[in-house]
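The values are calculated or read from the model by the stated rules, or taken from the named source; none is laboratory data. Treat the numbers as computed from the prediction; the structure is a model and nothing was measured. Glycine gets a Cβ as well: all are built from the backbone with ideal geometry, and neighbour counts include every protein chain shown.
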Amino acid sequence: MLWVAAPGQPPRPYPGTAQRHGTADSRHPGLETQHGEEHMSVAPSTQTSLKAERRRLVALGLLRSSATVIVLIAAYYLLPLDRLSGVSLAVSLAVGLAALTGIAAYQVRAIIRHRHSAVRAIEALAITVPSFLLLFAATYFLMAQANSDNFNVHALTRTDALYFTITVFATVGFGDISATSQVARIAVMAQMILDLLVLGLLVKVFLNAVELGREQQAPQQDTGPA
């Protein structure tokens, strides 16, 4: 049936048209609701995938750092350190500290370039600190091999040297092993000073690398696909 509007009266729509197409002010309200629900469902799924990826990276980082620490400890016990008794201890310690500095510099660059810089910083710290402790443990072991009067223990084993290094690092000081010679005490004082640098300066450097890495990753995330 054709409807003719009276003068001054707005035209009447055909039956069913409003239900199919909506009014002139809001077209396709059902589609807008559907799109909104899709956006709401996409956001939680994206957050869930990011959290899952972060957990996976943390697990892989812990596995890599644990494997690296195991390799370092095995090298500490298996390498023929006795053959280095003729090398100057000061030179050996200086070379070891230079190598440790290079490792720390590499870790800083890796933190900045990594997508999840905070996760990479945890891995870097888990590798650098054990390397530092094993370096001084090897130094104390070589000092005991060179001169048994350097410590109050007659025969300082590798386990004793590592135990003594960790007690100095943790500032526990049980007193069962102590440095007796002037050279050994200088080495222990050097470790105490470097302990503060490792706990303070190195952690600060890694945190700054994390912030710098996040700043560099932010523009890439902003220009990424929507």
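Go through (1) in contact with a strand residue (DSSP E or B) (Cβ under 8 Å, 6 or more places away or on another chain); (2) among the charged types (D, E, K, R); (3) assigned to a loop (DSSP other than H, G, I, E, B) and name the single condition ASP176 misses.
Checking ASP176 against (1) in contact with a strand residue (DSSP E or B) (Cβ under 8 Å, 6 or more places away or on another chain); (2) among the charged types (D, E, K, R); (3) assigned to a loop (DSSP other than H, G, I, E, B), the one that fails is (1).
In the list ALA105, ALA94, which residue meets the criterion of being under 25 Å from GLN217 (Cβ atoms), of a type in the set (A, V, I, L, M, F, W, C) and without any contact (Cβ under 8 Å) to a residue 24 or more places away in the chain?
Answer to the selection: ALA105.
State whether the residues of the range 89-97 include one that is closer than 30 Å to VAL210 by Cα, small (Gly, Ala, Ser) and not in a helix (DSSP H, G or I).
no
Sort through SER88, SER45, SER49, SER41 and tell me the only one that's of a type in the set (Gly, Ala, Ser) and modelled with pLDDT of 80 or more.
Among SER88, SER45, SER49, SER41, only SER88 is of a type in the set (Gly, Ala, Ser) and modelled with pLDDT of 80 or more.
Please work out if GLY200 is crowded, with 18+ Cβ neighbours inside 10 Å, closer than 30 Å to HIS116 by Cα, within 27 Å of the chain's Cα centre (by Cα) and at pLDDT below 90.
Here the answer is no, as GLY200 does not meet what is asked.
When you look at THR128, is it touching a residue at least 40 places away in the same chain (Cβ under 8 Å), among the hydroxyl-bearing types (Ser, Thr, Tyr) and either within 20 Å of GLY213 (Cβ to Cβ) or surrounded by 16 or more Cβ atoms within 10 Å (Cβ to Cβ) (or both), yes or no?
Yes: the conditions hold for THR128.
Filter the range 113-124 down to the residues that are touching a Gly at 6+ places or on another chain (Cβ under 8 Å), over 16 Å from VAL69 (Cβ atoms) and buried (at least 20 other Cβ atoms within 10 Å of the Cβ) and list them by number.
Matches in the range 113-124: HIS114, SER117, VAL119, ARG120.
Residues that are over 23 Å from VAL87 (Cβ atoms) and part of a loop (DSSP other than H, G, I, E, B): does the range 130-150 have at least one?
no
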